[in-house]
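What follows is calculated from the coordinates using simple rules that are stated; it is not laboratory data. Keep in mind the model is a prediction, meaning the values are calculated, not measured. When we count neighbours, we look across all protein chains shown, and the Cβ atoms used for this are built from the backbone with ideal geometry, even at glycine.
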Amino acid sequence: MLHIDDEYINAHKFDCKIGLELESHRISPDGYLSHTANPFDDCRYIDRDFSESQIEINTLPMDSPSSALDFLRQQLYIVHDRLESRRELLWPFSNPPMIRNADDVPIAVYTGDNVQKLIYRQHLAEYYGKYMMTYSGIHYNYSFSDDILMHNFNIDVKNQSIDCAKTKHLCHPELDSGSHSLHITEMLKQVQHDSSHLDSLNAQNAEDYKTYKEKFYLHLAQQVLAHSWMVVALLAASPIADNSFFEVGKSDKSVFTGFSSLRCSEHGYWNIFSPVLDYSSIEAYTNSIESYLHQGLLAQASELYYPVRLKPVGSYTLDNLRKNGISHIELRMIDLNPFSESGVALSDLEFIRLLLVYLASQNAALLTQRDQLQALQNHKNASNYDWDIARITLGSKSLSLTEALSEKLNQIQSFYADSPQAIAILSAQWDKLNSKSSRYAYRVRAEYGKDYIGSGIRRAKQIQEYYNV
């Protein structure tokens, strides 16, 4: 738990690294997935996701939401410049454009040393179907600065030392009240003296800090899982799809899905089972994921379609996670925002940072199996279009999505009561609660619902012109 009441931590609570991943499809001018080869092989930060047509931009870890967004925009200038020269566009929605049939979704081509990536994608196509693989979105990667976490670690070590000293005294009842007072005073002086040397001590005992950091992020991951429904509801932007997504041979007819985010709904990215993970330690966490591999339910750890991931530096493998520990947390439930030329609004990136700091500061017990399953259900329920119909379970209470958002936003606002900047950031989310017309899904339905493909192509052209002026 983050000791937000500590003066230093409170002053530096937003010190962080933020990395963004943006997925989006290259399309032809008539609104179909592109079948040309990936034109970004020479671009360090532009890769492919499942499909050859689906680009993935990965930013460097940056110091703030605005700097991460600036980096993303720099890469989008490159993307749109090349696409314009090829007479292609970048689709602005999380739901795909027109699809003729499954063969119309080109699997990303890998050869040589990377052929396993192709084999893995072929497995996904066979197991889940290519259509589900066409969803796109934004992933938000976040880490607290090691300076903050080390300071937090030192506070915990200091508190544990005090608790141990108190426990030791209680085990020696021969101490009278006078000696008890003297004992506690001397003990506190010693703890303060020791704490001044903790940095050098921790340098010699990095494994203790690594374990502490893992527990910190394991705690945060549970809290994010329990509150992922908030991000789904407030950032959802995909209520419309083309009817070719639901019926082969049909196309160019807009369908209102009944969901504000189809990819976060029960029809989105989910495995055939509901995973339950063990957050008690990094070993237990990785073992619980590995158990699904042993059961044949997953081919790789990355096949676990879960709202939150804990990730190491480098490749996302369980062995790397065990060996090198947790570097950052990844939120995977953000829809592409067609009203932003970069696919995501700065106000939403800032809100997620507020949310993560708030959640890291909450003292919460391990989520039980029931809690985890309820969190996943809340996540799916939050994708419903009508907030008064959607239900969210908080503890023993069943609330409408409107009521649940109001309750949680009030709690977060109280937490940041002394920060005018945070209150201003939260106001954009309050607007969505107080006015349907401020919600992205509502606006998408109003502006693109009657001509999803045609108006989507026009919006894609507007965005390309924005970058290529």
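For a protection proxy built on the mean count of beta-carbon atoms within 10 angstrom, sort 324-330, 385-391, 41-47 highest first, please.
Highest to lowest by the protection proxy: 324-330, 385-391, 41-47.
From the phi angles alone, apply the Karplus equation (6.51, -1.76, 1.60; θ = phi - 60°) to region 391-396 and give each ³J(HN,Hα) in whole Hz, x where the residue is Gly or Pro.
10, 10, 9, 10, x, 9
Can you spot the lysines whose alpha carbon is less than 27 Å from K397's alpha carbon? Ignore those fewer than 8 places along the same chain.
K380, K408, K432, K436
Could you give the alpha-carbon Rg of the chain over 2.2 N^0.38 Å, rounded to two decimals?
1.07
Against the longest principal axis of the chain, how steep is helix 420-434, in degrees 0 to 90 to the nearest 10, with axes from Cα atoms?
Approximately 50 degrees, to the nearest 10.
Angle check, please: helix 401-415 long axis (alpha carbons) against the longest principal axis of the chain (alpha carbons), in degrees 0 to 90, nearest 10.
40
Scan around Q54 for amide H atoms under 5 Å from its own, H built in the peptide plane at 1.01 Å from N, and keep only partners 5 or more places away or cross-chain.
Those lying under 5 Å, H to H, from Q54 are R26, D49.
Would you please give the FRET efficiency between I272 and V115, computed as 1/(1 + (r/R0)^6) with r the Cβ-Cβ distance and R0 = 30 Å, to the nearest 0.05?
So the FRET efficiency works out to roughly 0.70.
Please work out the C-alpha center-to-center distance from region 264-297 to region 32-95 and express it in whole Å.
30
Calculate, in nm to one decimal, what Y316 and K436 gain on full extension: separation in residues at 0.36 nm each, minus their alpha carbon distance.
39.3 nm
Roughly speaking, what is the stretch gain from R391 to H35, that is 0.36 nm per residue apart minus the C-alpha to C-alpha distance, in nm to one decimal?
124.0 nm
Kindly express, to the nearest 10 degrees and within the range 0 to 90, the angle between helix 115-128's C-alpha long axis and the longest C-alpha principal axis of the chain.
Once rounded, the angle reads 80 degrees.
How far, in nm, would the chain grow between F256 and A365 when pulled straight, counting 0.36 nm per residue and subtracting the alpha carbon separation?
35.3 nm
Based on DSSP H runs of at least 4 residues, each adding -39500 (n - 2.57), what is the mean residue ellipticity at 222 nm of the chain after dividing by all its residues, to the nearest 500 deg cm²/dmol?
-15500 deg cm²/dmol
Could you give the C-alpha radius of gyration of region 318-469 expressed as a fraction of 2.2 N^0.38 Å, taking N as the number of residues it contains?
After normalising by residue count via 2.2 N^0.38 Å, the value is 1.24.
Two decimals, Cα atoms only, Kirkwood Rh: what is Rg/Rh over region 357-410?
0.98
Taking 7 Å along the Cα-to-C-beta vector as the label spot, tell me the L293-H123 distance in nanometres, rounded to one decimal.
1.0
Choose one of P239, T211, F50: the residue whose Cα lies farthest towards the positive end of the charge dipole of the chain (beta-carbon charges +1 Lys, Arg; -1 Asp, Glu; about the Cα centre).
P239
Determine which lysines satisfy two conditions relative to K461: a Cα distance under 19 Å, and not lying fewer than 8 residues away in the same chain.
K450
Looking at region 268-407, what % of the alpha carbon pairs are farther apart than 17 Å?
In whole percent, the long-distance tail amounts to 70.
At 4 °C and 1.567 mPa s, grab the translational diffusion coefficient of region 76-161 from Stokes-Einstein with a Kirkwood Rh over Cα pairs, rounded to a whole number in µm² per second.
Taking Rh from Cα pairs, D becomes 74 µm²/s.
For the peptides 216-228, 427-439, what is the packing order when you average, over each peptide's residues, the other Cβ atoms within 10 Å and list the highest mean first?
Ranking, from highest mean packing down: 216-228, 427-439.
Under 16 Å Cα to Cα from K311, which lysines show up? Leave out anything in the same chain fewer than 8 places away.
Result set, ordered by chain and number: K17, K210, K213, K215, K323.
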